[in-house]
Amino acid sequence: MNFRGWPTTSILCALVFAPACGDDGGTNGSTSGASTTSTPTSTSSVETSAGPVGATTDPTSTTAMTTATSGSTGADSTGAGSATDSTGGDSTGAMAKCQGAFAAAWIDGTNCGTEDAIQIHQYDDDTVILRQSLCTNFEAPFIYLLFGDDQVLMLDTGAGGIPVAATVQQIVDQWLAANGRASIEILVTNSHGHGDHTAGNAQMAAVPGATVVGTSQSAVASYFGIVDWPMQIVTHDLGGRLVDVIPIPGHQTAHVALYDHATGWLLTGDTLYPGRLYISDFPTYVQSINRLVDHTADLEVCHVLGTHIEMTNTPGQDFPFAAPTHPDEHPLELTRDHLVELRDAVEAMGNNPVLQAHDDFIVYPL
Ligand SMILES: [Zn+2]
């Protein structure tokens, strides 16, 4: 989210994260284009832990076990159009859409003595969701890992104070073993440049085989080959797994959304999630929401996933700002219908943006 008080990306880059921030990633995109998706023979869908927050005992303690089915909010609705993929990104067909499972419960800060610093949830064989504990930072952001044949894309690195690099290395090692592979490039990029999503970039930059994309708009555009920001949408190939990179400034200037053709996920960062949608540049934000609606009109959107949860399970009711615990959180996953609802809401505001609570999110112009 990043409301107030976080250092700007440029300050972080200048003072702390220079090695990571200065890296524009070199090439535009990955290498192979014709390889097939990895075989789905990897690890089981079991929650694992990154160690308890208290760092005292029992590194094998578990939090929520993964047994839930997806779509507790009816999130399996498809997009407005047919399932036809206009970019042909689903041609490999190796991973069925809308088949993964979300965690039965996310760590919510209510048990800091035993709660893990990072909850690791395997959504499917090639897709992992991490949730940072509220006990380590009230922002409690989510992090996503998308494995292709050539690269694993890591979207965001957390709010700091957690062993995110070691955790990701562990996950990558398990995936490599399950797939009979020796190595894979780790592509680290950010939904946007706010500190609660980029604080672990420096840790990741030290990981062998990791490429960390810079956090500035120009660095993001350069790495992914976007020459007409924010109008141009590009498709990045992770190796048999295509991800559309969609510039969506408005919350923050370097914000991007990702559409993952394998899972049908639309990853919307801080632009749309079940919480307070802080909008710093309203006209630009409205254009970005329209861009997302238009781009996904003919795509199958299984889930819309952001990077925080700030809504409770009571419609229209959020947790207080910086709440240390989140009992009875709203589910993480939203639907494309929410995106359309948001589009209609901000369009209707015209030149008079106002704070407006909806059941599942709150429009929050700054
Ligand atoms: Zn933010």
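Does THR253 satisfy being modelled with pLDDT of 95 or more and touching a helix residue (DSSP H, G or I) at 6+ places or on another chain (Cβ under 9 Å)? So THR253 passes the test. If you check GLY264, GLY275, GLY225 for being away from the ligand (no atom under 16 Å from the Cβ) and in contact with an Asp or Glu (Cβ under 8 Å, 6 or more places away or on another chain), only one passes: GLY264.
Selection within the range 228-261: residues that are away from the ligand (no atom under 14 Å from the Cβ) and hydroxyl-bearing (Ser, Thr, Tyr). The member of this set that is farthest from the chain's Cα centre (by Cα) is THR235. For the range 278-294, the set of residues classified as within 15 Å of the ligand (Cβ to nearest atom) and in a helix (DSSP H, G or I) consists of THR284, TYR285, SER288, listed by residue number. Looking only at the range 315-342, count every residue that is within 22 Å of ASP294 (Cβ to Cβ) and loosely packed, with under 13 Cβ neighbours inside 10 Å and tell me the total. Residues flagged as within 22 Å of ASP294 (Cβ to Cβ) and loosely packed, with under 13 Cβ neighbours inside 10 Å within the range 315-342 amount to 0.
Any residue that is within 16 Å of the ligand (Cβ to nearest atom) and either modelled with pLDDT under 95 or surrounded by 24 or more Cβ atoms within 10 Å (Cβ to Cβ) (or both) - is there at least one of those in the range 343-362? Lay out the reasoning, then the answer.
Within the range 343-362, the subset within 16 Å of the ligand (Cβ to nearest atom) is 361-362.
After this cut, where a residue has to be either modelled with pLDDT under 95 or surrounded by 24 or more Cβ atoms within 10 Å (Cβ to Cβ) (or both) as well, the list is 361.
Looking for residues that are within 16 Å of the ligand (Cβ to nearest atom) and either modelled with pLDDT under 95 or surrounded by 24 or more Cβ atoms within 10 Å (Cβ to Cβ) (or both), one finds at least one in the range 343-362, hence yes.
Screening ALA165 with (1) within 27 Å of GLY239 (Cα to Cα); (2) under 14 Å from the mean Cα position of the chain (by Cα) gives one miss only, at (2).
Checked against the criteria, PRO315 counts as over 22 Å from TYR144 (Cβ atoms) and in a loop (DSSP other than H, G, I, E, B). Scanning the range 297-317 for residues that are of a type in the set (Asp, Glu) and away from the ligand (no atom under 16 Å from the Cβ) yields ASP298, GLU300.
Of ASP318, ASP360, all but one fail to be touching an Asp or Glu at 6+ places or on another chain (Cβ under 6 Å) and under 26 Å from ALA105 (Cα atoms); the exception is ASP318.
Scanning the range 305-314 for residues that are over 16 Å from HIS121 (Cβ atoms) and either of a type in the set (S, T, N, Q) or surrounded by fewer than 15 Cβ atoms within 10 Å (Cβ to Cβ) (or both) gives THR312, ASN313, THR314.
Is it true that GLY158 is closer than 16 Å to ASP126 by Cβ and touching a residue at least 40 places away in the same chain (Cβ under 8 Å)? Explain how you work it out, then say what you get.
Values: closer than 16 Å to ASP126 by Cβ: no; touching a residue at least 40 places away in the same chain (Cβ under 8 Å): yes.
No: the conditions fail for GLY158.
The values are calculated or read from the model by the stated rules, or taken from the named source; none is laboratory data. All of these numbers come straight from a predicted model, not from anything done at the bench. Quick reminder, even Gly has a Cβ in these numbers, built from the backbone with ideal geometry, and neighbours come from all protein chains shown.
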